[in-house]
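Following: one structure in structure tokens, then a few remarks.
The values are calculated or read from the model by the stated rules, or taken from the named source; none is laboratory data. In this text, all values refer to a predicted model and were calculated from it rather than measured experimentally. Cβ coordinates were reconstructed from backbone atoms using ideal geometry, including for glycine residues, and neighbour counts include every protein chain displayed. For the accessible areas, the whole protein counts, side chains as well, though only heavy atoms, and no ligand, DNA or RNA atoms are used. Shrake-Rupley method; radii C 1.70, N 1.55, O 1.52, S 1.80 Å.
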Amino acid sequence: MFVSFQRVFTLSEKSWSGSCLQYKWQKTVGNYLAVSGPDNFVKIFDRHGQKVNELNLPGNCVSLDWDKDGDILAVIAEKSSSIYLWDANVNKTSQLDSGMKDQMSFLLWSKTVPLLAVGTSKGNLLIYNQQTSRKIPVLGKHTKKITCGCWSSQNLLALGSEDRSITISNHEGDTIRQTSVRADPADVQFSVMKTDERSSPGESTVSVALGKKTLFLFNLNDPDNPIELAFQQRYGNIISYRWYGDGYIMIGFSHGYFVVISTHIREIGQELFQAHNHKDSLTSIAISQSLNKAASCGDNCIKIHDLTDLKEMYAIVTLDEETKGLDQMCWTDDGQLLAVSSQQGSLHVFLTKLPILGDSSGTRIAYLTSLLEVTVDNQVEGESPVAIAVEVEPSFIAVGPYHVAVGMNNRAWFYALGDSGVERVKDTEYLGTVASMCLNCDYAAALFEGKVQLHVIDGDEQVVQEDRQTKLFPEPDQKYRILSHALTSEFLYYGTDTGLIQCFYFEDWQSVNEYRHTVGVRKVFPDPNGTRLVFIDEKSDSFLYCPVNDSVFEIPDFSPAIKGVLWENWFSNKGVFVAYEEDKAYTYAFHKDTIQGSKVILVGATKLPFSHKPLVLHNGELTCQTQSGKINSVVLNTHSFLNNPHSDTSKDKLQSLLQQAIMLKRFSDAWNICKALNRTEAWGELGRACLHHMEVELAIRVYRMMGNVGMVMSLEDIKGIEDQNLLAGHLAMFCNDYNRAQDLYLTSSYPMAALEMRRDLQHWDSALQLAKRLDPDEIPFISKEYAIQLEFVGDYTNALAHYEKGITGNNKVSVWFQLILLNSHSLLLR
């Protein structure tokens with residue numbers, strides 16, 4: 001199944017009709033696209049297809065290029081000795097006199113510094129420093145027209161000319177290498193060739209297509225041994241080529257072939273990959289390093305491959321209206337937009353990577369579906385998706401029960417979600433660039449520059465008291481920076497660089513709880529009710545915090561690469577949450593009431609598909625946003641028992657599913673699995689789990705199903721106990737965890753239960769220790785019973801000692817009688 005790309009816009013002007021276009025994306029940010037046709041104009045469009053400016057030239061545009069930062073567009077034209085410079089920051093054009101007498105034919109900015117190289121039709125060169133305004137003319141660099149060139153990362157300039165020579169110059173224009181070639185050069189590029197020897201750092205290989213037939217590789221460190229590669233005639237002419245990866249070259253040929261070769265000396269001449277991508281012709285290839293994708297265009301379609309597996313076709317885009325075929329392709333540096341021109345003068349821009357921006361509130365999600373469109377959806381509640389056309393390309397999105405907010409920089413736009421549709425409520429400016437935003441029913445909270453501004457959303461603010469319409473955190477006298485924040489229906493939580501977690505209660509309009517951690521708190525994730533909170537500190541350790549009783553529990557096996565946490569929204573499984581990183585999601589469960597106390601456990605991990613960002617967790621299913629602007633569901637491995645029909649599942653698999661259900665406290669599902677298994681061992685495992693989690697009623701049902709009368713009667717006796725520690729002590733005793741049972745009994749309202757347990761178990765040493773603390777009057781009776789046991793096993797000395805301790809007024813005669821017998825026995829043994 002191929003990925004489909006969304007067409008953002010198409011440019012088609014009358015003056016371009018029937019002609020091929022020259023165009024380039026703004027470097028780095030990709031906000032502008034400069035396009036030149038046969039009409040003596042260079043037109044500049046933004047990334048949404050709106051014209052921003054145009055340069056009126058005295059003749060056709062010869063060449064255009066953006067500087068390394070995308071600030072300056074340089075243009076040269078026929079019938080002019082001027083270089084036209086358009087400043088993207090101020091939207092103004094200026095002219096620079098080149099001082100060249102002959103027609104300029106080539107123009108290129110350096111990759112690393114503000115140096116512009118300009119070549120002429122007679123082989124002369126100009127190097128212009130934008131920063132210092134210094135111009136260095138170099139006459140006679142070549143004897144004929146300079147047609148192509150490339151800057152290296154070390155600021156070396158390679159030029160190709162119609163005089164069939166290649167020159168390598170430094171940034172001052174001095175020639176440091178020169179070589180002749182046997183055909184007209186085109187498409188000069190710098191790269192690093194793979195060799196077995198340790199070479200000097202930097203791009204040391206110059207490649208150039210010769211006569212559209214061969215590829216010439218010129219190593220600056222070995223200038224006497226250039227390599228020339230020829231290809232099969234059936235491929236046709238070399239149209240374009242690109243270096244990528246570790247010394248690989250991708251080449252597109254005119255007859256539609258798409259070939260990859262390696263420059264490793266042992267592999268030169270071998271084709272690593274070959275595909276006949278286009279039936280009649282191929283006109284261009286492009287590579288996006290940020291996407292790790294390669295594209296070829298030809299006929300009327302674009303084919304996109306993943307560089308990690310070229311055999312797999314990632315996407316095919318067909319443009320049925322382009323009957324004359326396609327021409328050139330160009331990707332933005334970030335890989336978001338791909339521009340494709342046609343031979344009849346149209347330019348199409350496709351969205352190949354959408355910023356993954358999304359948010360959730362309960363089971364409702366809002367996510368970016370196009371550069372200027374946000375979609376609100378709630379698949380759990382069965383609501384129809386609602387698309388919202390927004391004013392700007394947002395850098396953040398927030399959604400609440402009744403509103404959506406989008407924004408960029410220091411501004412946010414708010415939209416109300418109603419039965420009659422979407423209505424824009426207002427826009428708000430903040431005192432700094434907004435890093436993140438949260439919404440609830442009434443309020444929005446924006447985090448910027450270490451502060452949080454809380455304010456009402458709706459314009460109708462009469463419903464909120466005047467002194468509760470806005471508040472800025474922290475207070476002026478509080479010297480800390482807020483690093484993260486979150487809203488629930490009733491609380492605002494935020495974490496600071498000093499380790500403070502603050503809870504602000506809307507009802508009282510004041511802070512009602514705070515917790516001080518040892519290091520800064522980087523992220524906070526409260527559950528929907530605000531009664532539990534996961535936080536990640538600056539050491540990438542994570543904890544679960546319960547504000548109700550200020551208890552904190554460390555989260556085990558927590559990955560330092562975690563990006564976010566989602567709490568389960570299913571009503572019956574509130575203690576479950578997922579922590580996700582780039583390609584994995586980890587399921588955790590908070591076991592609040594167990595005989596071992598409260599703790600967090602890791603249930604398991606689930607691999608996430610590529611570029612999936614989780615937005616909602618509901619009943620073991622993650623709703624994720626993809627970079628294509630769609631949503632996709634991923635069922636957690638830890639919840640696979642929900643999707644397995646028990647009748648068709650093997651016994652071993654059912655046993656594994658039972659363990660999953662128990663760890664997640666899904667006891668009704670565990671009951672059904674046990675019925676399907678129909679094994680005593682499975683019922684026993686569920687019974688022990690019920691005891692562990694203090695689920696007495698269910699434990700009675702389980703043990704009744706097993707026919708364990710004694711356990712059922714014991715549980716019936718204790719099921720009405722309200723003291724949690726006393727109840728937990730009984731259950732721990734039933735689980736044979738006697739030490740824990742003793743500890744629980746001692747902290748309960750009836751500590752004597754610990755003594756009674758030890759006495760019933762005949763743990764005499766422990767019983768005596770407890771009797772000293774709890775009831776010294778019991779010591780003689782316990783000592784007597786202990787002595788009887790010791791006598792029985794033949795330990796007469798210790799038995800005698802304990803009989804002596806067991807002497808009381810009521811049992812003197814019997815104990816003295818035992819002592820006489822013991823002494824007699826001792827004499828006989830002697």
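When the residues of region 507-560 are filtered to those that are assigned to a loop (DSSP other than H, G, I, E, B) and among the hydrophobic types (A, V, I, L, M, F, W, C), which remaining residue is least open to solvent (accessible area, probe 1.4 Å)? Even if it seems obvious, please write down each step before you answer.
Taking region 507-560 and keeping what is assigned to a loop (DSSP other than H, G, I, E, B), we get 507-509, 517-520, 527-532, 538-541, 547-550, 555-560.
Adding the requirement that they be among the hydrophobic types (A, V, I, L, M, F, W, C) leaves 509, 519, 548, 555, 558.
Details: W509: 39, V519: 33, V548: 125, I555: 6, F558: 30 Å².
So the residue we want is I555.
Yes or no: region 588-603 includes at least one residue that is more than 15 Å from I555 (Cα to Cα), open to solvent by 30 Å² or more (accessible area, probe 1.4 Å) and in a strand (DSSP E or B).
First, the residues of region 588-603 that are more than 15 Å from I555 (Cα to Cα): 593-596.
Then keep just the ones that are open to solvent by 30 Å² or more (accessible area, probe 1.4 Å); that gives 593, 596.
This time we only want the ones that are in a strand (DSSP E or B), so: none.
The answer is no; no qualifying residue exists.
From S384, S436, which residue is surrounded by fewer than 14 Cβ atoms within 10 Å (Cβ to Cβ) and either assigned to a strand (DSSP E or B) or among the hydroxyl-bearing types (S, T, Y) (or both)? Lay out the reasoning, then the answer.
On the way: S436 fails: surrounded by fewer than 14 Cβ atoms within 10 Å (Cβ to Cβ).
Checking each option against the conditions leaves just S384.
Just name the residue that is surrounded by the most Cβ atoms within 10 Å (Cβ to Cβ) out of those in region 268-288 that are assigned to a loop (DSSP other than H, G, I, E, B) and among the aliphatic types (A, V, I, L, M). Among residues in region 268-288 that are assigned to a loop (DSSP other than H, G, I, E, B) and among the aliphatic types (A, V, I, L, M), the one surrounded by the most Cβ atoms within 10 Å (Cβ to Cβ) is L282. Each residue in region 208-225 was checked for being open to solvent by 60 Å² or more (accessible area, probe 1.4 Å) and either in contact with a His (Cβ under 7 Å, 6 or more places away or on another chain) or under 11 Å from V181 (Cα atoms) (or both), and 0 pass.
From the list P614, P609, the one residue that fits, being closer than 25 Å to V376 by Cβ, out of contact with any Leu (no Cβ under 8 Å at 6 or more places or on another chain) and not aliphatic (A, V, I, L, M), is P609.
Can you pull out every residue in region 281-294 that is under 17 Å from I238 (Cβ atoms) and not polar (S, T, N, Q)?
The initial filter retains those residues of region 281-294 that are under 17 Å from I238 (Cβ atoms), namely 281-287, 294.
The answer is L282, I285, A286, I287, A294.
Just one of the numbered conditions (1) touching a Leu at 6+ places or on another chain (Cβ under 7 Å); (2) farther than 19 Å from K68 by Cβ; (3) not polar (S, T, N, Q) is not true of D174: (1).
Yes/no matrix, rows are residues, columns are (1) closer than 24 Å to N225 by Cβ; (2) touching a strand residue (DSSP E or B) at 6+ places or on another chain (Cβ under 7 Å); (3) in contact (Cβ under 8 Å) with a residue 40 or more places away in the chain; (4) open to solvent by less than 80 Å² (accessible area, probe 1.4 Å):
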site: D87; (1), (2), (3), (4): no, yes, no, yes
site: M104; (1), (2), (3), (4): no, yes, yes, yes
site: W109; (1), (2), (3), (4): no, yes, yes, yes
site: C150; (1), (2), (3), (4): yes, yes, yes, yes
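As for region 459-470, it holds no residue that is open to solvent by less than 60 Å² (accessible area, probe 1.4 Å) and modelled with pLDDT of 95 or more. Mind listing whichever residues of region 111-132 are of a type outside the set (S, T, N, Q), in contact with a Leu (Cβ under 8 Å, 6 or more places away or on another chain) and surrounded by fewer than 21 Cβ atoms within 10 Å (Cβ to Cβ)? Matches in region 111-132: I127 only.
Within region 476-496, how many residues are in a loop (DSSP other than H, G, I, E, B) and touching a residue at least 40 places away in the same chain (Cβ under 8 Å)? Spell out how you get there, then give the answer.
Applying the first criterion (in a loop (DSSP other than H, G, I, E, B)) to region 476-496 yields 476-481, 488-490.
Retained after the next criterion (residues that are touching a residue at least 40 places away in the same chain (Cβ under 8 Å)): 488-490.
Residues meeting the conditions: 3.
Having 1 or more residues that are under 45 Å from the mean Cα position of the chain (by Cα) and surrounded by 18 or more Cβ atoms within 10 Å (Cβ to Cβ) is the bar; report the helices (runs of 4 or more DSSP H) wholly within region 709-754 that clear it.
Details: elements: 709-718, 724-734, 738-746.
Counting at least 1 such residues, we get 724-734, 738-746.
For region 328-346, taking the residues that are of a type in the set (S, T, Y) and over 14 Å from C297 (Cα atoms), the one that is surrounded by the fewest Cβ atoms within 10 Å (Cβ to Cβ) is identified as S346.
Results for (1) farther than 23 Å from E393 by Cβ; (2) of a type outside the set (D, E), shown as yes or no for each residue.
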{"position": "S15", "(1), (2)": "yes, yes"}
{"position": "K51", "(1), (2)": "no, yes"}
{"position": "E54", "(1), (2)": "no, no"}
{"position": "C61", "(1), (2)": "yes, yes"}
{"position": "D71", "(1), (2)": "no, no"}
{"position": "A74", "(1), (2)": "yes, yes"}
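The strands (runs of 3 or more DSSP E) found entirely in region 11-107 that carry 2 or more residues being among the aliphatic types (A, V, I, L, M) and closer than 27 Å to L354 by Cβ are 32-36.
Of all residues in region 387-421, which are open to solvent by 60 Å² or more (accessible area, probe 1.4 Å) and among the hydrophobic types (A, V, I, L, M, F, W, C)?
Going through region 387-421, the residues open to solvent by 60 Å² or more (accessible area, probe 1.4 Å) turn out to be 387, 389, 391, 395, 402, 408-409, 411, 419-420.
Passing the criteria: A387, A389, M408.
Looking at region 352-367, is at least one residue crowded, with 20+ Cβ neighbours inside 10 Å, of a type outside the set (K, R) and closer than 30 Å to G18 by Cα? Yes, there is a match, as at least one residue in region 352-367 is crowded, with 20+ Cβ neighbours inside 10 Å, of a type outside the set (K, R) and closer than 30 Å to G18 by Cα.
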